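The structure under discussion appears below in the form of structure tokens.
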Amino acid sequence: MAVTPFSASLESLDVDPVFALHRGGKIEVRPTIPVRDADDLSLAYTPGVAQVCTAIAEQPDLVNDYTWVGGVVAVVSDGTAVLGLGDIGPAAAMPVMEGKALLFKQFGGVDSVPICLDCTDVDELVETVVRLAPSFGGINLEDISAPRCFEVEDRLRELLDIPVFHDDQHGTAIVVTAALRNAARLTGRSLGDLRAVVAGAGASGVAVTRMLLNAGIGDIAVADSKGMIYEGREGLNPVKEALAEVTNRGRFTGSTEEALAGADVFVGLSGSTLPEAAVTSMAPGSIVFALSNPTPEIHPEAARRHARVVATGRSDFPNQINNVLAFPGVFRGALDVRASAITESMKVAAADALASVVGDDLTADYIIPSPFDERVAPAVASAVAHQARLDGVARR
């Protein structure tokens, strides 16, 4: 996609349909009750509102019943890892956060507020979100660069009693797990039968790996820009060291391509390039998820010449791995039961529910439903809410 120079005039920008759509922003706040006369005003604002304030002061949990707090999510970013654009700052991140808020409402019926923070220090990020938290029923972290994103999320989950969810990690992991479960079923296998290689040890790569381990994958190994991650490799940060302890039972120490020989699954989340020859070396009935955007690690048509199932992150090819299949339903379910957290088993339940939407319609070109399938968000929300109750984190 061509990038319009920043020096272009507003008139010339508005000729572009993308800029025309974004003019004035993509979301707004609307009242839920009418204010038609003085009586309405006295109930909605002063003096009537004082009664509600007093009740909440005496019983703080009432804020969830008598304000919008219990049903609204903060979409928070520092602009350091925006889509494929990198560290472009908080102002330039706002169109993406607005878009996220739009998708929350469109697909999950969840109200949300985009918040772009002008700080990147972990302590400052955590402190700022904690101070904002009383206004929200959940926190969706977005486009915060690794490895800081792991610490930010972990600390916020410890400090807050509302759901904290880094979508770049867990949204991607949920959809990948659902799609891979169906791809395995299509080829007559289960997750436990598969050996996978993940290219990319950033936020999404680490989360996908962890979730596939939780879901019972047979074996999985991860590569970063320096090659395969394994125990004893020098220069690993703490996140990768922890990953090395639970992955790569085959002790692969070379390149991604070398590890793919005989593997069942490739998951690309790195922006790297995968040679077609590497796919030919994989096991029969191989599965290729080339998820980098806008350019997959290998062109889908090339991968299809050798793999049984191919998925990408793009909407113009079958089997799009799109986070919008996960996060609206996850938060809808968590908010519906006022969950205090989103547990690992809630994420697995979301993946299982998403996979089940495909049902008996499963084909090589349909291992994951469309974001526009109206069954998706309700199925995910119901599964998440049910699991929250089982896990003891539901408060209603």
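Listed by position, the helices (runs of 4 or more DSSP H) enclosed by the range 1-97 that each have at least 1 residues that are surrounded by 14 or more Cβ atoms within 10 Å (Cβ to Cβ) and in contact (Cβ under 8 Å) with a residue 24 or more places away in the chain are 17-22, 63-66. Out of S270, S292, one residue alone is polar (S, T, N, Q), touching a helix residue (DSSP H, G or I) at 6+ places or on another chain (Cβ under 9 Å), under 20 Å from V175 (Cβ atoms) and surrounded by fewer than 23 Cβ atoms within 10 Å (Cβ to Cβ). It is S270. Consider the range 180-227. How many of its residues are under 24 Å from G84 (Cβ atoms) and not β-branched (V, I, T)? The total comes to 18. Taken over the range 220-267, the criterion of being farther than 14 Å from V197 by Cα, of a type in the set (D, E) and surrounded by 15 or more Cβ atoms within 10 Å (Cβ to Cβ) is satisfied by no residue.
Based on this model, can you work out whether A278 counts as among the small types (G, A, S) and surrounded by 17 or more Cβ atoms within 10 Å (Cβ to Cβ)? Judged against the criteria, A278 is a match. Beta carbons closer than 8 Å, at least 6 apart along the sequence or on distinct chains, pair a first residue in the range 313-330 that is under 14 Å from P369 (Cα atoms) and part of a loop (DSSP other than H, G, I, E, B) with a second that is acidic (D, E) and open to solvent by less than 40 Å² (accessible area, probe 1.4 Å) for A326/D167. Just to be sure, is P328 within 19 Å of T177 (Cβ to Cβ), surrounded by 15 or more Cβ atoms within 10 Å (Cβ to Cβ), modelled with pLDDT under 95 and in contact with a helix residue (DSSP H, G or I) (Cβ under 9 Å, 6 or more places away or on another chain)? The answer is no for P328. Would you pick out the residues in the range 375-390 that are in a helix (DSSP H, G or I) and of a type outside the set (G, A, S)? Within the range 375-390, V376, P378, V380, V384, H386, Q387, R389, L390 qualify. Being closer than 29 Å to V82 by Cβ and in contact (Cβ under 8 Å) with a residue 24 or more places away in the chain holds for only one residue in L269, L260, and it is L269. Only one entry in D123, D154 is over 22 Å from V73 (Cβ atoms), assigned to a helix (DSSP H, G or I) and not hydroxyl-bearing (S, T, Y), namely D123. The set of residues in the range 107-124 that are open to solvent by less than 60 Å² (accessible area, probe 1.4 Å) and more than 25 Å from G25 (Cα to Cα) contains only V122. Only residues that are open to solvent by 30 Å² or more (accessible area, probe 1.4 Å) and within 17 Å of the chain's Cα centre (by Cα) were counted in the range 295-322, giving 4. Restricting to the range 356-380, and then to whatever is more than 18 Å from R181 (Cα to Cα) and touching a Pro at 6+ places or on another chain (Cβ under 8 Å), can you tell me which residue is least open to solvent (accessible area, probe 1.4 Å)? By that ranking, first place goes to A377. Of the residues making up the range 157-174, those that are assigned to a loop (DSSP other than H, G, I, E, B) and either closer than 20 Å to M211 by Cβ or among the charged types (D, E, K, R) (or both) number 2.
Among the candidates F104, F150, F136, the residue that is crowded, with 24+ Cβ neighbours inside 10 Å and under 17 Å from the mean Cα position of the chain (by Cα) is uniquely F104.
Among the residues of the range 294-335, those identified as in contact with a Phe, Trp or Tyr (Cβ under 9 Å, 6 or more places away or on another chain) and aromatic (F, W, Y) are F327, F331. Out of all the residues in the range 148-155, is one or more out of contact with any Gly (no Cβ under 8 Å at 6 or more places or on another chain), under 20 Å from V69 (Cβ atoms) and modelled with pLDDT of 95 or more? No, every residue in the range 148-155 fails to be out of contact with any Gly (no Cβ under 8 Å at 6 or more places or on another chain), under 20 Å from V69 (Cβ atoms) and modelled with pLDDT of 95 or more.
Looking across the range 195-209, not a single residue is surrounded by fewer than 24 Cβ atoms within 10 Å (Cβ to Cβ) and in contact with a helix residue (DSSP H, G or I) (Cβ under 7 Å, 6 or more places away or on another chain).
The values are calculated or read from the model by the stated rules, or taken from the named source; none is laboratory data. In this text, all values refer to a predicted model and were calculated from it rather than measured experimentally. Every residue, glycine among them, receives a Cβ derived from its backbone with ideal geometry; neighbour counts consider all protein chains shown. Heads up: the accessible areas ignore ligands, DNA and RNA and are worked out on the full protein's heavy atoms, side chains in. Shrake-Rupley method; radii C 1.70, N 1.55, O 1.52, S 1.80 Å.
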